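Throughout, read-outs are computed from the coordinates displayed, never taken from laboratory work. Keep in mind the model is a prediction, meaning the values are calculated, not measured. Ideal geometry is used to build each Cβ from the backbone, glycine not excepted, and the neighbour counts take in all protein chains shown.
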Amino acid sequence: MQNNTFSTLFVGQNLIKLKEVDSTNNFLKKLVSKSEPLAEGTVIMADHQFAGRGQQESVWQTQEGKNISTSIYLKPSFLPLSKQFYLNIAISLAVSEALSCFVPQGIMVKWPNDIYYQEKKLGGILIENTLTGSAFKSSVIGIGLNVNQSEFSESISGRATSVIQILQREVPLMDIMEKIFIFMEKYYLILRAGKYSILQNNYLVKLYNYQVSALYKHNGEIFEGTIKGVEDNGRLNVDTRNGLKVFNFKEIEFTHTK
């Protein structure tokens, strides 16, 4: 365990580094479940995560020591349940803004919380919340980013990219981690202050395909649509030939833009 590692107020001040773990989210959730109180902003970082998870139990594959596999513990008890997607927005903005310090152009957030560079996936975010009654108790924020991995399996090579592929040089993982934690604090404090309009506006600026006509798939059918916004509960608003449609998570699939 290392303390005072980053120039932040609380995110990353308690850093636990692991050589290998099934999932940093699972490891952190087990820590949280123990009786000893855990400091907000505690970070778990693993060199190798052999059973990392994405949204809806999809598997996140990563090469040992090449990428960022990390989980952060937050306690957003101030956040109304009706606004829970704003935590997702804050974290997505933090990660995208941090990466933009290294890759100045082309970093976007694909709804709801994938990190994209142009048309390819650079990383993803998995947020797992624990509730007490009708209030937030804690959140475990999992972040996986392709950084110094130069090759991917054939099944995903056409859809995935990494910082090293973009810049043609390696970037120290801790440099990116520090930027993520700095921006995470920034947006978390904006969230705590209830400045939802700032988060919403910044999210739309970074939103992949926002106000762009593109092709989507729903229930096996491909249709043309234009993303018009995201509701407080996270649902996506898409303008189609049949009017404005509203989609929940996993109800719509992004396909290639026209």
- Rounded to whole Å, sorted largest first: equivalent-ellipsoid semi-axes of segment 57-147, Cα gyration tensor: 25, 15, 11
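Taking the Cα centre of the chain as origin, work out the dipole magnitude from +1 charges on Lys and Arg Cβ and -1 charges on Asp and Glu Cβ, in debye rounded to 20. Present the calculation step by step, with values, prior to reporting the outcome.
On the way: 27 positive and 24 negative charges, 103 e Å.
The dipole magnitude comes to about 500 debye.
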- Karplus couplings for segment 247-253 from phi (6.51 cos²θ - 1.76 cosθ + 1.60, θ = phi - 60°), rounded to Hz, Gly and Pro as x? 10, 8, 4, 6, 8, 10, 10
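Where does the chain land on Rg(C-alpha)/(2.2 N^0.38 Å)?
Rounded to two decimals, the normalised Rg is 0.99.
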- With charges set only on the Cβ (+1 for Lys and Arg, -1 for Asp and Glu), what does the dipole of segment 212-254 come to about its Cα centre, in debye to the nearest 20? 40 debye
- Which pairs break 29 Å Cα to Cα here: K206/K250; K19/K206; K34/K120; K34/K121; K30/K186; K66/K137? K19/K206; K34/K120; K34/K121; K66/K137
- Query: Near the amide H of H48, under 5 Å away, which other amide H atoms are found, from residues 5 or more places off or on another chain, if H is placed in the peptide plane?
  - Reply: E20, V21, G65
- Show that you can apply the helix-only estimate: for the chain, add -39,500 (n - 2.57) for every DSSP H stretch of four or more residues, divide by all residues, and state [θ] at 222 nm to the nearest 500. -7500 deg cm²/dmol
- Kindly write out, for segment 234-241 in residue order, the coupling ³J(HN,Hα) from the Karplus curve 6.51 cos²θ - 1.76 cosθ + 1.60 (θ = phi - 60°), rounded to whole Hz, with x marking Gly and Pro. x, 5, 8, 9, 10, 7, 10, 5
